[in-house]
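Peer 1: Here it is: the structure, laid out below.
We did not get these values from a lab; they are worked out from the coordinates using the rules stated. Quantities reported herein were computed from a predicted structural model and do not represent experimental measurements. Counting neighbours? That spans all protein chains shown, and the Cβs are built from the backbone with ideal geometry, glycine included.
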Amino acid sequence: MKISEELKQRSGNSCELCGNKDALFEYIVPPKSGESSDEQVVTCSTCKSQIENPENIDTHHWRCLNESMWSEHAPVQVVAYRMLQALQTEEWANDLLGMLFLDEDTKEWAEQSNTDVQIVHKDANGNILNAGDTVTLIQDLNVKGAKFTAKRGTAVRRIRLVPNNAEHIEGKIEGQQIVILTKYVKKS
């Protein structure tokens with residue numbers, strides 16, 4: 001069978017992420033080469049466009065990951081993991097991410113970035129952020145899912161960088177691990 005025939009059969013002629021049956025494409029999941037169907041997913045034009053252009057993500061469209069993340073096929077799991085990571089500021093996506101289980105090889109693949117793209121995290125002033133840095137909030141932030149507001153001037157120590165999103169970092173404020181947009185912090 002040709003790869004495209006294998007993918008058609010595996011996907012049932014529908015997007016493996018959202019189930020759409022129109023305008024389907026073979027998408028090679030980076031950094032794989034696409035030499036087999038085990039390195040590709042069938043996507044609709046909407047999913048493909050948003051995967052390739054994360055700045056255009058429609059959060060409501062990706063609620064479909066609630067079902068597709070349970071696929072038995074590794075490339076579908078990898079794309080689901082990556083999209084949930086990109087959407088983890090949404091409470092529902094963060095909940096799904098907490099439930100998603102990937103075997104070691106699949107998780108390693110999912111956490112690999114496309115080697116052609118180097119993600120650089122920068123603060124509001126354009127300074128490059130590194131894992132372990134201390135940053136200061138430059139404005140009050142309402143923390144979703146918590147009952148407090150992170151006040152301007154709060155120091156966040158030992159930040160972690162979100163690997164696939166240059167606009168997100170993670171840190172603890174008032175003992176709670178949260179995701180913070182880099183445009184609201186300055187490096188200390």
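Peer 1: Mind putting a number on the dipole of the range 1-124 about its Cα centre? Charges go on the C-beta only, +1 for Lys and Arg and -1 for Asp and Glu, and I need it in Debye to the nearest 20.
Peer 2: It comes to approximately 320 debye.
Peer 1: Can you spot the lysines whose alpha carbon is less than 24 Å from K21's alpha carbon? Ignore those fewer than 8 places along the same chain.
Peer 2: Straight-line reach from K21, under 24 Å: K2, K8, K48.
Peer 1: For the chain, what is the calculated [θ] at 222 nm in deg cm²/dmol (nearest 500), taking -39500 (n - 2.57) for each run of four or more DSSP H residues and dividing by its residue count?
Peer 2: Computed mean residue ellipticity for the chain: -7500 deg cm²/dmol.
Peer 1: Going Cα to Cα from K147, which lysines come in below 27 Å? Please leave out same-chain ones fewer than 8 positions away.
Peer 2: Result set, ordered by chain and number: K172, K183, K186, K187.
Peer 1: For q = 0.12, 0.26, 0.27 Å⁻¹, what log10 I(q)/I(0) does the range 135-187 give under the Debye formula with an equal point scatterer on each alpha carbon and no solvent?
Peer 2: Computed log10 I(q)/I(0) values: -0.22, -1.08, -1.17.
Peer 1: Measure of size requested: the Rg and Dmax of the chain, with Cα atoms as the atom set and Å as the unit; please supply both.
Peer 2: When restricted to Cα atoms, the chain yields Rg and Dmax of 18.2, 60 Å.
Peer 1: I've got another one for you. Put a dot 7 Å past each Cα toward the Cβ at I119 and E174; how far apart are the dots in nm?
Peer 2: Roughly 2.7 nm, to one decimal.
Peer 1: Starting from the exponent 0.38 and prefactor 2.2 Å, build the expected Rg for the range 3-111 from its residue count and divide its actual Cα Rg by it.
Peer 2: Here the Cα radius of gyration is 0.98 times the empirical estimate.
Peer 1: Separate question: Work out how much length F25 to E5 would gain on full extension: take 0.36 nm times their residue separation and subtract the Cα-Cα distance, in nm to one decimal.
Peer 2: 6.0 nm
Peer 1: Right, another one. Give me the number: length gained by fully extending T149 to S14, i.e. 0.36 nm times residue separation minus the C-alpha to C-alpha distance, one decimal in nm.
Peer 2: Computed gain between T149 and S14 is 44.3 nm.
Peer 1: Identify which of L97, L141, L65 has the largest mean-square fluctuation in a Gaussian network model of the chain, with springs joining Cα atoms closer than 10 Å.
Peer 2: Looking only at L97, L141, L65, the biggest GNM fluctuation is shown by L141.
Peer 1: Just want the answer: with Cβ charges of +1 for Lys and Arg and -1 for Asp and Glu, which residue in N165, V135, F148 is farthest toward the dipole's positive end in the range 135-187?
Peer 2: Looking along the dipole axis, the top candidate is V135.
Peer 1: Taking amide hydrogens as modeled 1.01 Å from N in the peptide plane, which residues meet the under 5 Å criterion relative to K32, leaving out close sequence neighbours?
Peer 2: The list, which skips near neighbours in sequence, is empty: none.
Peer 1: Roughly what would the spin-label model give for S188 and E55, points 7 Å off Cα along C-beta, in nm?
Peer 2: My value for the distance between the label points is 3.1 nm.
Peer 1: What is the antiparallel percent of DSSP beta bridges lying wholly in the chain, to the nearest 5?
Peer 2: So the antiparallel bridges amount to about 100 percent of the total.
Peer 1: Can you list the residues of the range 149-172 with backbone N under 11 Å from a point 7 Å past the Cα of E104, pointing along Cα to Cβ?
Peer 2: The answer is none.
Peer 1: Still on this structure: Which residue fluctuates most in the GNM of the chain (Cα springs below 10 Å): K32, K147, K107?
Peer 2: Taking springs between Cα atoms under 10 Å, the residue moving most is K147.
Peer 1: With springs only between Cα atoms under 10 Å, which of E167, E16, E104 fluctuates most in a Gaussian network model of the chain?
Peer 2: Most flexible of the set in this elastic network: E104.
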